[in-house]
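Read the figures in this text as sums done on the coordinates, not as results from a lab. Remember, it's a predicted structure, so these values are computed and weren't measured experimentally. Positions of Cβ are backbone-derived with ideal geometry, glycine not excepted, and every protein chain shown enters the neighbour counts.
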Amino acid sequence: MKIVCVGHATYDITLPMNAYPLENSKYRLNTKIECGGGPASNAAYLLAKWGEETAFVGMVGNDYYGQSIIKELNAIGVNTEYIEKNSATSTDSSYIISNVANGSRTILTSKIKAFPSLSNPVDITDAAYILADGEHYETTKEVLLRNPKAISILDAGRCTKEVVNLGLLVKYLICSKDFAENFTNIKIDYDNPQTLINVYNSLKKYYKNQIIIITLEAKGSFTKINDEYKIIPSIPVKAIDSTGAGDIFHGAFLYFTLQNYNLEKAIKLASITAAISVTRIGSRHAIPTLDEVMELYSKYESL
């Protein structure tokens, strides 16, 4: 098993609109986009699309949405044998209002009942790479501990006790701006770069052995390379739907890491991948080909 992605699976229904809807109004839309979603699940989809041997570990309900998620992952080549069907609850579903005028999105997730950790042990012991998003804490911990030599990445989006603890078990802690601010109690001010340094240093006091990357959405990413603090900017694009951009970033970062790119180049390429995705609607429908990413990278590196 080369890559194992562990975490959340949901079914996304995206409604593109030219402006955010007004309360107590009615709208008729001529299109909607449906596909699977979830951070680790989307990352697995990208990795399989780009030709990597990938398995997804997670849970869905034993219902139409769950079956659709498994079918979609199978179609792209993801190993789904470790997806557990739970008949006691429904598959999580997300309803996404995508404002194509400015690229913002509002996500309403229906989570009828919190999924527990998987009931059956996940007997994977040969993973070379692991990507987790913090869902199913005990299962994620089990997979990480069973594969101590794997290169591991945590998509730390939410600052929960479980996600904080998992961060100590991985090599790469890629945390959102929200996670970083909530964990450190320091507000990031883009007009004051020292605040980014303070946040990074505060994280590093706790995560001494981890490589820390703070994602800043359209602003890019912040990290420390060879004792130098760096903002690695994204590229300018006209965004119409940012759904799944972070998930796509994490999956692409793993891909370029396993291709032995250095940290800065892997972040740059992952940022370009995510930037392309926000110019399209629907998370999985927005994943570019590897050729598209490398072509755009060559263009910007030559400027």
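General remarks:
- Considering the range 198-303, its Cα convex hull presents a mean projected area of 7.2 nm².
- By the count of other C-beta atoms within 10 Å, a proxy for reagent exposure, Ser242, Ser298 are ordered fewest to most as Ser298, Ser242.
- Sum of side-chain charges, Met17 neighbourhood, beta-carbon under 12 Å (Lys, Arg +1; Asp, Glu -1): +2
- Charge tally in the Cβ shell below 13 Å around Pro39, where Lys, Arg are +1 and Asp, Glu are -1, Pro39 excluded: -4
- Estimated translational D of the range 1-152 in µm²/s (Stokes, Kirkwood radius over Cα pairs; 20 °C; 1.002 mPa s): 131 µm²/s
- Among Lys49, Lys171, Lys149, the largest mean-square fluctuation in a Gaussian network model of the chain (Cα springs under 10 Å) belongs to Lys149.
- Counted charge near Tyr137, where neighbours are those whose Cβ lies closer than 13 Å (Asp, Glu -1; Lys, Arg +1): -2
- Largest GNM mean-square fluctuation among Thr279, Thr243, Thr195, using the chain with Cα springs under 10 Å: Thr195.
- Residue order for Glu181, Glu81, Glu292, fewest other beta carbons within 10 angstrom first, comes to Glu81, Glu292, Glu181.
- Evaluated at q = 0.20, 0.27 Å⁻¹: base-10 log I(q)/I(0), Debye formula over Cα of the range 41-113: -0.90, -1.11
- Annotation: peptides 19-27, 183-191, ranked by per-residue average of other Cβ atoms within 10 Å with the highest first, follow the order 183-191, 19-27.
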